[in-house]
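The values are calculated or read from the model by the stated rules, or taken from the named source; none is laboratory data. Quick caveat, the model's predicted, so the values are computed rather than measured. Cβ placement follows ideal geometry from the backbone for every residue including glycine, while neighbour counts extend to all protein chains displayed.
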Amino acid sequence: MLIWLRLPRGHGDWVNYMDDYLNAGVDFHEYHAFGDYWNELAERPEGWQTNLDASCDFAANMEMQTLVSFVGEWSLAVTDCQLYLDGGYATPYEPLASESTCDYYNSDFDSFSDEYKDFLRSYMAAQVRIHTLLYLHYRRNHYQSINQSTIIKQK
C-alpha cells in the first residue's frame, strides 16, 4: 500500500486524487498545537471552543475523502509548550507560544481551572467520538477488507 502523509496539502486536495489506484491512502495528522494560529488561539478566550469546532469540522473533511484515510494520532495539546511534543528533544527548545501561556499549560493539573478541565474532557470526548464515527463510516460505506494486508475500494 502506498500512503502519503497529508502535510502540506489541505484536506480538499486529496479528494478524487489517484482514485483509480488500489491500495493508495492518506495519513492525516490532526494536531492543534503547531504554528502561529493555534498558539495564538490558545491565549484567546474563544480558543478552546474554536478547537472543539475544528475537531467537528475535521469529521466533515474526512467524510469527503475518496482515498483510504488513516487518522491514527492526535493530541489534547493546544500549544507547542509541552517539551516533548515538537520533535522530542529540540535544542534549544523554543515554543511559539508566549512564556505566560506555556506557564499556564505546563502547570500542575490540580492548578487548572474547572473551565479548562471541562474543555479537556469535552475535547477528548469529541475527538474519540469523531474518530470512532469516521472508522465506522469507512468500514461500512467505502472499503471492504479482503485480507489483513489488502484493502480495495467498493463500487
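Can you tell which of TRP38, TRP48 is within 15 Å of THR101 (Cβ to Cβ) and in contact with a helix residue (DSSP H, G or I) (Cβ under 6 Å, 6 or more places away or on another chain)?
TRP48
Residue under question is TYR143, and the condition is that it be surrounded by fewer than 18 Cβ atoms within 10 Å (Cβ to Cβ), on the phi < 0 side of the Ramachandran plot and modelled with pLDDT of 75 or more; does it hold?
Criteria not met by TYR143.
Going through THR66, THR50 one at a time, which residue ends up being under 30 Å from ASN16 (Cα atoms) and without any contact (Cβ under 8 Å) to a residue 12 or more places away in the chain?
Of THR66, THR50, the one residue that is under 30 Å from ASN16 (Cα atoms) and without any contact (Cβ under 8 Å) to a residue 12 or more places away in the chain is THR50.
Is segment 48-68 home to any residue that is of a type in the set (D, E, K, R), surrounded by 13 or more Cβ atoms within 10 Å (Cβ to Cβ), more than 30 Å from SER113 (Cβ to Cβ) and in contact with a Lys or Arg (Cβ under 7 Å, 6 or more places away or on another chain)?
Checked against the condition, which is being of a type in the set (D, E, K, R), surrounded by 13 or more Cβ atoms within 10 Å (Cβ to Cβ), more than 30 Å from SER113 (Cβ to Cβ) and in contact with a Lys or Arg (Cβ under 7 Å, 6 or more places away or on another chain), segment 48-68 yields no hits at all.
Counting only residues that are part of a loop (DSSP other than H, G, I, E, B) and surrounded by 13 or more Cβ atoms within 10 Å (Cβ to Cβ), how many does segment 23-43 have?
9
Where residues in segment 66-110 are in a loop (DSSP other than H, G, I, E, B), within 15 Å of the chain's Cα centre (by Cα) and at pLDDT below 85, which of them is farthest from ARG121 (Cα to Cα)?
ASP86
Go through segment 91-121 and report how many residues are exposed (fewer than 10 other Cβ atoms within 10 Å of the Cβ), of a type in the set (D, E, K, R) and under 13 Å from GLU43 (Cβ atoms).
1
Filtering segment 1-53 down to residues that are on the phi > 0 side of the Ramachandran plot and modelled with pLDDT of 75 or more, which residue is nearest to the chain's Cα centre (by Cα)?
Going through the qualifying residues, I end up with GLY35.
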